[in-house]
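The next block holds one structure in the form of structure tokens; read it before the comments.
The values are calculated or read from the model by the stated rules, or taken from the named source; none is laboratory data. Only a predicted model underlies this, so the values are computations on that prediction, with no experimental measurement involved. All Cβ positions, glycine included, derive from the backbone under ideal geometry; neighbour counts span all protein chains shown.
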Amino acid sequence: MLKMRRLWTWAALGGAFTLAVLLAFAPPAEGQKGKGGRFRPQPGVVGKEKEKPPVPKDPIARATHYSAIRLVENADVQRWLDLARDYLAGKQYKKAFTFLQSILDGTDEVKGDFYVQVKRFDPVGGEYKVRWASAKYEANALLGSMSEHGFDAYESFVGDKARKLLAEARDKVDEALLAEFAQRYMHTRAGIQANELLATAFLDRGQFFTAALRFERLLGLGEGRYKTNDLALFKVVLASRRAGDVKNADRVWKKLEPRLTRAGGLRSATR
């Protein structure tokens with residue numbers, strides 16, 4: 001029994017000695033070669049940074065280069081907007097409307113919305129600055145910048161189609177379809193009517209902030225294009241006040257109050 005214990009003891013000592021010798025003479029692992037056995041990263045193995053793509057020189061492209069958000073662009077849409085802007089300046093309305101309405105309608109070639117670069121004058125800095133904007137928003141902005149003659153030409157260009165589409169949307173009682181129509185034909189008479197219907201629907205449902213925005217957009221068209229009656233102004237006051245825009249509510253109320261006094265109160269369109 002004692003001999004067996006001594007045998008196992010010498011076997012364990014021999015194995016430990018053999019393992020120590022092997023570790024002492026084993027070659028150092030990759031990345032650990034150096035004086036004193038200290039860890040030293042090998043070139044090209046540890047600590048090597050990936051090659052970075054070059055930074056664009058254009059300031060707009062440089063801004064998006066560092067952003068996690070990627071804007072969806074379309075070269076054709078950018079070109080159409082640039083051409084439409086030039087055509088409007090030269091009062092070549094039909095050519096301008098063809099490009100702008102194609103963007104708003106979202107034809108097969110430009111289905112959906114895209115981001116484009118637009119140049120705006122900065123009154124604070126006193127210089128023109130380039131920024132990104134929705135193509136459909138910019139198309140409506142260009143249409144909204146026209147003179148009365150331009151609006152008349154636009155109504156002649158697409159007004160009949162807009163009226164038919166509005167009638168279809170109302171017959172279907174489809175609010176999503178009505179909202180899409182209101183954006184596509186915002187600057188037609190039918191489009192103005194669609195936006196007023198949407199604003200009233202939001203107000204009825206208690207979505208006061210959205211209703212106030214819709215009414216404010218309508219008032220921004222000017223009295224020449226948006227014919228406001230007492231009931232419409234009262235809706236604006238109600239939506240603005242419920243949305244927390246007391247300043248705008250008071251401004252519109254000052255305009256409405258004398259009209260109500262002369263009329264002997266608020267009258268609906270059915271009375």
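Annotations for the structure displayed:
- Scanning segment 220-265 for residues that are over 22 Å from ASN195 (Cβ atoms) and either in contact (Cβ under 8 Å) with a residue 60 or more places away in the chain or in a loop (DSSP other than H, G, I, E, B) (or both) gives GLY264, GLY265.
- Matching residues, segment 154-183, being surrounded by 14 or more Cβ atoms within 10 Å (Cβ to Cβ) and either outside any helix (DSSP H, G or I) or hydroxyl-bearing (Ser, Thr, Tyr) (or both): TYR154
- For segment 198-216, the count of residues that are outside any helix (DSSP H, G or I), touching a residue at least 24 places away in the same chain (Cβ under 8 Å) and not small (Gly, Ala, Ser) is zero.
- Residues of segment 226-243 that are of a type outside the set (A, V, I, L, M, F, W, C) and touching a Phe, Trp or Tyr at 6+ places or on another chain (Cβ under 7 Å): LYS235, ARG242.
- Within segment 189-208, considering residues that are aliphatic (A, V, I, L, M) and more than 17 Å from GLY244 (Cα to Cα), the one surrounded by the fewest Cβ atoms within 10 Å (Cβ to Cβ): ALA201
- Annotation: of all residues in segment 112-153 being exposed (fewer than 14 other Cβ atoms within 10 Å of the Cβ) and among the basic types (Lys, Arg), the one that is farthest from ALA182 (Cα to Cα) is LYS129.
- Which numbered condition SER156 misses (of (1) more than 25 Å from the chain's Cα centre (by Cα); (2) at pLDDT below 95; (3) under 27 Å from LYS91 (Cα atoms)): (2)
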